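A short worksheet on the structure shown next.
The values are calculated or read from the model by the stated rules, or taken from the named source; none is laboratory data. The structure displayed is predicted, hence computed values, not measured ones. Quick reminder, even Gly has a Cβ in these numbers, built from the backbone with ideal geometry, and neighbours come from all protein chains shown.
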Amino acid sequence: MAERCRQIQERIEETRTEAREECRNVSRTISETVCSWLPWPLDDICDLVTRVITEIVCGIVYVLITVVSWVARIVCEVVFVTVWLVSHVLGFIEWLGNRILTFPEWLGCLVGFRLGSKRYRICPIVIADDEGNPVVPIATIQSQIETAIRVWAQCGIEVIALPITTATGRSYLANASGCNAGGYFGGDRVEFESLSCCQGFIEGLRCLRFPSGLIWPRQILKAVWVDTISSGERGCYLLPESFILVASSAAQDTLAHEMGHAGDLLHRDEADNLMTTPTRTGSNLTSFQCCTVRTSRFVTLL
């Protein structure tokens, strides 16, 4: 959405420049083809009248284009803010509702009672560059997915990844906004939310999840591979978004780490824990962490 708005603004600016140049051409053409043939002082009067009229007309056109530019900018900002607010309010409501409804299950898990194996389904998407090539090799992505499968198996969680999707025509998303205040309100966040591994209604059912808290069906977690993240992180997740970002500089277990954040885990200090950053010696998880992720909104029984 932010990119479309930028393209609209650029086109309006081009039109304003073209209109200004066209006005000059019209004034010059009239002066050369009409006024120059008139005797003095009619030729000077003709030039003066031509300049005055064209300046007035061009001024009106310039003002109209400027007004259109302002209106387009305001509409884009209103639409962006509205979509951002709605998606985040729904996300927070779902997150809170799921936590309330799964609280008994979380307590039971802490004392050793688990409801068997659970599913953590993800939609892997890689952004393509201007030539249509993935900014991160598919083999690298597949390897990171396999690592995530092994890591989360220790919690009795089966990671299920849909086929990797390459998002073409959106190379501007390859350099993503960061995990900070500026990034939280970045224009590309809404576009990342709109990405999907599933197209159409029937196929789109594959990308829906039914949370263990039995809230309404929502999109499964999207894992989006980009070239860089502006704040320098190797991965990024911001509550209550339904996607995580993984940079081309990511470690082998960065995907699993960001899946932990999406499952409500915070950073830890133990060197061998998956949630330790920026460096860690292992990908272990505590029982408390496992129970927290098992009852998070992206992890389901189905």
Item to complete: Could you list, in sequence order, all residues of segment 153-177 that are within 12 Å of Asp130 (Cβ to Cβ) and either hydroxyl-bearing (Ser, Thr, Tyr) or at pLDDT 95 or above (or both)?
Response: Thr168, Ser171, Tyr172
Worksheet item: Within segment 132-165, how many residues turn out to be closer than 20 Å to Leu208 by Cα and surrounded by 20 or more Cβ atoms within 10 Å (Cβ to Cβ)?
Response: 3
Worksheet item: Based on what the data block shows, is Cys123 modelled with pLDDT of 85 or more, assigned to a helix (DSSP H, G or I) and either assigned by TED's automatic domain parsing to the domain that holds Leu205 or touching a strand residue (DSSP E or B) at 6+ places or on another chain (Cβ under 9 Å) (or both)?
Response: no
Worksheet item: Any idea which of Glu55, Glu77 is more than 30 Å from Tyr237 (Cβ to Cβ), acidic (Asp, Glu), out of contact with any Phe, Trp or Tyr (no Cβ under 8 Å at 6 or more places or on another chain) and in a helix (DSSP H, G or I)?
Response: Glu55
Item to complete: Filter segment 127-152 for residues that are part of a helix (DSSP H, G or I) and in contact with a Ser or Thr (Cβ under 9 Å, 6 or more places away or on another chain) and give the result.
Response: Ile138, Thr140, Gln144, Thr147, Arg150, Val151
Worksheet item: Quick check: anything in segment 97-104 modelled with pLDDT of 85 or more, of a type in the set (A, V, I, L, M, F, W, C), assigned to a helix (DSSP H, G or I) and surrounded by 11 or more Cβ atoms within 10 Å (Cβ to Cβ)?
Response: yes
Worksheet item: Looking at this structure, is Ala153 of a type in the set (A, V, I, L, M, F, W, C) and under 19 Å from Cys236 (Cβ atoms)?
Response: no
